[in-house]
Amino acid sequence: MGLFLGTLVFTVPVVVQYAAPTEAERDALEREAPQQETRLGSILWDAYIKPVAGADCKEFRTVLLSSTLFCAGASSILFILLVTRDVTRPGDERAIQLHFALACLAFFVCAALGSVLSAYVAEPAQRRTLLVGISVLYGVTELFMPMVAFAPYPQLSLYVVACVKGVMFGSIMALFSPLVWDTLPLKFRTPDETGHDHVADTMALASLFRSLGAGLGNAFFGFILQFSLASDLSEPALDGEVVHYPLQGYFALFATSAVTVWIGAWILYDKELTKLDVFDLAP
């Protein structure tokens, strides 16, 4: 709650300062308001359909679908608490919370490091190639998550896998954002008759699809675990009894995650995307 309030305190003044229209803009809007009738269907079309419609949006659709699938597959990292509890089994509840926090910290620190390293990739074609390669390797690391149960030191193995996954995750997310920008169709960068472009709308759509992918992936992986538990339980659990998901459920979860990430990489491996340098941001 405190974090939410602090975010509001620091962001609201900036948003109001830069988003509020000037007096001249307000007067112009009031003069034009009686003559404008914007329908809901038109708003939805411009926000969700228009940015991905048309032959000139092929590259943007490809990158958008690939990033959505990657976020769906990468959402398996949200199950790291259950992995700590059921796969590595460090001990009591306090030990589980401690190792869960340390694994998350290792993942996000390494993700930040990976995003910094990827900032040095400037060419769009290089970003595409690097994205495909790292995504394939990231899918391989998904398979190592349940395999830490067989390691001599499961918890230490989980830290190592979390660090490797973090570097790759940060690199991939840092490479996807400029690649989405590179594939924006020229028609959305060019100001319309009102003097405004639609870059912000299109980039917001890309963020929406990434969030949608993460949400759907998280829900689907949860169903996989739940179904594996239902098939494994011979007797109903007693009240207050801690039920551990079976290891085969985690193998199914992370195998599905790996395949999802690989499909996203395969979609991104499109020769047309090597021509991204035809988009020139210069006026």
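The values are calculated or read from the model by the stated rules, or taken from the named source; none is laboratory data. Treat the numbers as computed from the prediction; the structure is a model and nothing was measured. All Cβ positions, glycine included, derive from the backbone under ideal geometry; neighbour counts span all protein chains shown. Note: areas computed on protein heavy atoms with side chains; ligands, DNA, RNA excluded. Shrake-Rupley method; radii C 1.70, N 1.55, O 1.52, S 1.80 Å.
Going by what's in this entry, would R85 be described as more than 23 Å from A214 (Cα to Cα), open to solvent by 20 Å² or more (accessible area, probe 1.4 Å) and of a type in the set (D, E, K, R)?
no
Checking the conditions here, which among V109, V148 is in contact with a helix residue (DSSP H, G or I) (Cβ under 8 Å, 6 or more places away or on another chain), surrounded by fewer than 19 Cβ atoms within 10 Å (Cβ to Cβ) and at pLDDT 90 or above?
Just one listed residue meets the conditions, V109.
Can you name every residue in the range 185-211 that is in a loop (DSSP other than H, G, I, E, B) and either of a type in the set (D, E, K, R) or under 24 Å from W262 (Cα atoms) (or both)?
D192, E193, D197
Quick check on the range 191-217: of everything there that is open to solvent by 60 Å² or more (accessible area, probe 1.4 Å) and farther than 15 Å from V180 by Cβ, which residue is modelled with the highest pLDDT?
The selected residue is L216.
Counting only residues that are among the acidic types (D, E) and assigned to a helix (DSSP H, G or I), which one in the range 76-106 is farthest from A151 (Cα to Cα)?
Selected residue: E93.
Among the residues of the range 238-250, are any of a type outside the set (D, E), under 15 Å from the mean Cα position of the chain (by Cα) and at pLDDT 90 or above?
No, because not a single residue in the range 238-250 is of a type outside the set (D, E), under 15 Å from the mean Cα position of the chain (by Cα) and at pLDDT 90 or above.
Could you tell me which residue of the range 107-140 is farthest from C163 (Cα to Cα), considering only residues that are in a helix (DSSP H, G or I) and of a type in the set (V, I, T)?
T129
For the range 154-165, does any single residue satisfy the condition of being farther than 18 Å from A72 by Cβ, assigned to a helix (DSSP H, G or I), open to solvent by 50 Å² or more (accessible area, probe 1.4 Å) and β-branched (V, I, T)?
yes
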